[in-house]
Amino acid sequence: MDAIDNIEIVYLQIEDYPELRKAMEEAYANIRDKFWEKEEIEILIKKFPEGQVIIKIDDELAGCALSIIVDNNKLDNKHTYNRVTGNSTFNTHTNDGNILYGIDIFIRPKFRGLRLGRRLYDYRKDLCEKLNLQSIVFGGRIPNYHQYANEITPKEYIEKVRKKEIHDPVLDFQMSNDFHPKKILKGYLEGDEDSNEYAVLLEWNNVYYEKSDDVTNLKKTIVRLGLIQWQMRLYKDLDEVMQQVEYFVDAVSAYRADFALFPEFFNAPLMSKYNYLSEPEAIRKLATYTEEIVKRFSELSITYNINIITGSMPEIVDNELYNAGYLCKRDGGIERFEKLHVTPDETKVWGLQGGNEIKTFETDCGKIGILVCYDIEFPEVSRLLAKEGMDILFVPFLTDTQNGYSRVRNCAQARAIENECYVAIAGSVGNLPKVRNMDIQYAQSMVFTPCDFSFPTNGVKAEATPNTEMILIADVDLDLLRELNQFGSVRNLKDRRNDLYVVNRGRK
């Protein structure tokens, strides 16, 4: 498949119907000959626009998810598809209900393999939580059952699928996304010969559900961070490095993290094959991998539905060597950042140049900043980002000694307090005896908060075990920052004396 520039989930509009019809015909070519009519889609959009979404890849419709809200007390446990949809009139939908009922979800064949179905299910879960609904329910097809119908019952079939003795592409996927079988529905979908017209009533429970009349909006305020504390070890090639990268991306995305943060120079082990060269020559060889690494990171961000901060890597621009990284967004967007301040050692040994641009990044989880290692020790940069509305500051770093780590750690915590933001730092551990100037590493990845009543008293939200390969997962609440800014015990952003001193950008 060609490179993807943009991927997004948007509300379905009636103008999308011609493309939607084509997509349905492709996705359901061997299942049924009745597709949603334009009038039916129009009713769905009118009744419950938030429940009807499509996923687009480079503006091309790739998949769709349709749903309604029903009252659990009126949902018959022996219902059929026609009954729950009111024979496609959707008169069963009610805004006063407590169940999000999925009535259709599909991905066009040409876009399968990108985990787009998982992305649509994640949207439904977020919608369920934000609307304070009790659960998501739907009748799941069992398309391989017809192969076993003469030998086992549907109940036995489900059990064998659960035990991985039988592969069912639909049921396997749904159970891997935390949906649990409740019961068998007989005669559920008329014409579904592959499933012998059986379906499995599947359910995902919203653990945040509270009985309430309030309906919240869909703005994301709780952001989940996934930090990778990377173990430096020798790898034979780039594929092996990226295999380890994908392992960690898979791990943090399984916890539905919104961001994955990798450390500075995580790819340094690839320099081992160039150890016969001088340090400046070896790191320029390492820079030849950067373009391919960024491409693979972007593919992972789309596949696993997570925003990835790649850490940083050497990159040559106009024959100058920079320490640069990339923000690979889950919608397919890619943005670049540079290390602004290079250490004396990086200049002396490698000939690195400092970057030239200070900027924030807009994401689906608020505005973020990214500073690389030494940059966090210069408070003016973070203050400029805070003035632009930064909520979370990410700091990929690489330090060899506890002294160096302490500088990064203590400065990062100071930045969280003075800028009223969250700061996440992630570094590498272990050693690389066959890579010169990269011999040892020391790190303890952490998430820092401001220090006030709504936050931990020590300003530490989460911390990894020092010098141990692991991931760190932490939730941060953006609404608490807004409250702090207005009503905090102290207000570091509001109370600065602009009449006495200012921090401005340089001309460059």
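Bear in mind that the values in this text are calculations on the coordinates, not laboratory data. All values derive from a computational prediction rather than experimental measurement. Backbone-built Cβ (ideal geometry, glycine too); neighbour counts: all protein chains shown.
Details
- Distant-in-sequence amide H partners of residue 462 (H built 1.01 Å from N, under 5 Å): 447
- Inverse mean reciprocal Cα-Cα distance (Kirkwood Rh) of segment 321-438, Å: 15.0 Å
- Once both labels are positioned 7 Å from their Cα atoms along Cα-to-Cβ, the gap between residue 247 and residue 234 label points is 1.7 nm.
- Modelled spin labels at residue 95 and residue 153, positioned 7 Å past Cα toward Cβ, are 4.4 nm from each other.
- log10 of Debye I(q)/I(0), alpha-carbon scatterers only, for segment 7-205 at 0.13, 0.15 Å⁻¹: -0.69, -0.94
- Cα-based helix-to-principal-axis angle, 290-303 vs the chain, degrees rounded to 10: 30 degrees
- Spherically averaged projected area of the convex hull of Cα atoms, segment 354-419: 4.6 nm².
- Computed helical MRE - 222 nm, the chain, DSSP H runs ≥ 4 contributing -39500 (n - 2.57), nearest 500: -8000 deg cm²/dmol
- In terms of its C-alpha gyration tensor, segment 222-487 has a prolate overall shape, because the principal axis ratio a/c (a ≥ b ≥ c, square roots of the eigenvalues) is not below 1.5 and a/b outweighs b/c.
- Computed E for residue 497/residue 362 - FRET, C-beta separation, R0 45 angstrom, nearest 0.05: 0.90
- Share of pairwise Cα-Cα distances greater than 17 Å in segment 366-508 is 61 percent (whole percent).
- Of the two radii for segment 170-290, the radius of gyration is 1.21 times the Kirkwood radius, both from the alpha carbons; that is the Rg over Rh value.
- For segment 16-99, applying the loop criterion from DSSP together with a ceiling of 14 other beta carbons within 10 Å to the trypsin sites (Lys or Arg not before Pro) yields 32, 34, 78.
- Low-density loop positions, chymotrypsin sites (Phe, Trp or Tyr not before Pro), segment 379-475 - DSSP coil, at most 15 other Cβ in 10 Å: 453
- In a DSSP loop and with at most 12 other Cβ atoms within 10 Å, there are no chymotrypsin sites (Phe, Trp or Tyr not before Pro) in segment 138-170.
- Cα gyration tensor of the chain - equivalent ellipsoid semi-axes, whole Å, descending: 46, 27, 20
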